[in-house]
């Protein structure tokens, strides 16, 4: 970790280009400014997890994602809620990474936010993502919680966040993630 800025990996649980969650992730990067350098992972080409495929070797796209997670100082997830849980594409990527020889999420500072057109803002997906990653020994930021409800009313057609309260919540989450990462990385061993 550099003293000037943290390397934060953004992982979006939606493949849709115009995803509200992707827009929220880009808002987080914009808000962070020079305090954190964001890179963004792609889940688009990760194959469905299959132990037979794993036995033949880890696919290059999974190796790339694993290396990105390992290299990051912290992870920020943005995930929609599909059928009361995390999207399959996100769960699939985590399943692949959970079977790596060295667990990339172990001791990693992690935060999550979600955007949804519903009133719940993706709360159930966040709960499930936390349960999944706790097993992999990730260390979550507990507060603030960012659940963007009625997202279709808070982002414009170009994916720009127009709701100032939501922008402030995202800013507090990014700050909390950076502070959490600093604490975890400087804690005595």
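Throughout, read-outs are computed from the coordinates displayed, never taken from laboratory work. Here the structure is a predicted model, which is why all the values come from computation and not from measurement. Glycine gets a Cβ as well: all are built from the backbone with ideal geometry, and neighbour counts include every protein chain shown.
Let me make sure I get this right: for region 90-189, a, b and c are the square roots of the gyration tensor eigenvalues over alpha carbons, sorted descending. Under 1.5 in a/c it's rounded, otherwise prolate if a/b > b/c, else oblate. Which is it?
Judged from the Cα gyration tensor, region 90-189 comes out oblate (a/c at least 1.5, b/c at or above a/b).
Run the numbers on the chain and let me know its relative contact order in percent, using alpha-carbon pairs under 8 Å that are six or more apart.
Computed over the chain, the figure is 24 percent.
Tell me, in nm to one decimal, what length is gained between residue 162 and residue 58 on full extension, where the rule is 0.36 nm per residue of separation less the Cα-Cα distance?
On the way: separation 104, 0.36 × 104 = 37.44 nm, distance 4.13 nm.
The residue 162-residue 58 span can extend by a further 33.3 nm.
Modelled label-to-label distance, residue 16 and residue 179, 7 Å Cα→beta-carbon offset: nm?
3.4
Based on alpha-carbon centroids, what's the gap between region 54-108 and region 121-178 in Å, whole number please?
18
What are the extents of the Cα atoms of region 1-82 along their three principal axes, listed from largest to smallest and rounded to whole Å?
43, 31, 16
Any idea how far apart residue 42 and residue 107 come out in nm if each label point goes 7 Å out from Cα toward Cβ?
Computed distance between label sites residue 42 and residue 107 equals 3.2 nm.
Kindly list the residues of region 17-50 that lie in the label zone of residue 67, defined by a backbone N under 15 Å from the point 7 Å along the Cα-to-C-beta vector.
40-42
With each label point set 7 Å from Cα along the Cα-Cβ vector, what nm distance links residue 143 and residue 186?
Result: 2.2 nm between the two label points.
Quick one: grab Rg to one decimal and Dmax as a whole number for the chain, Cα atoms only, in Å.
Just the Cα atoms of the chain yield Rg and Dmax of 15.9, 49 Å.
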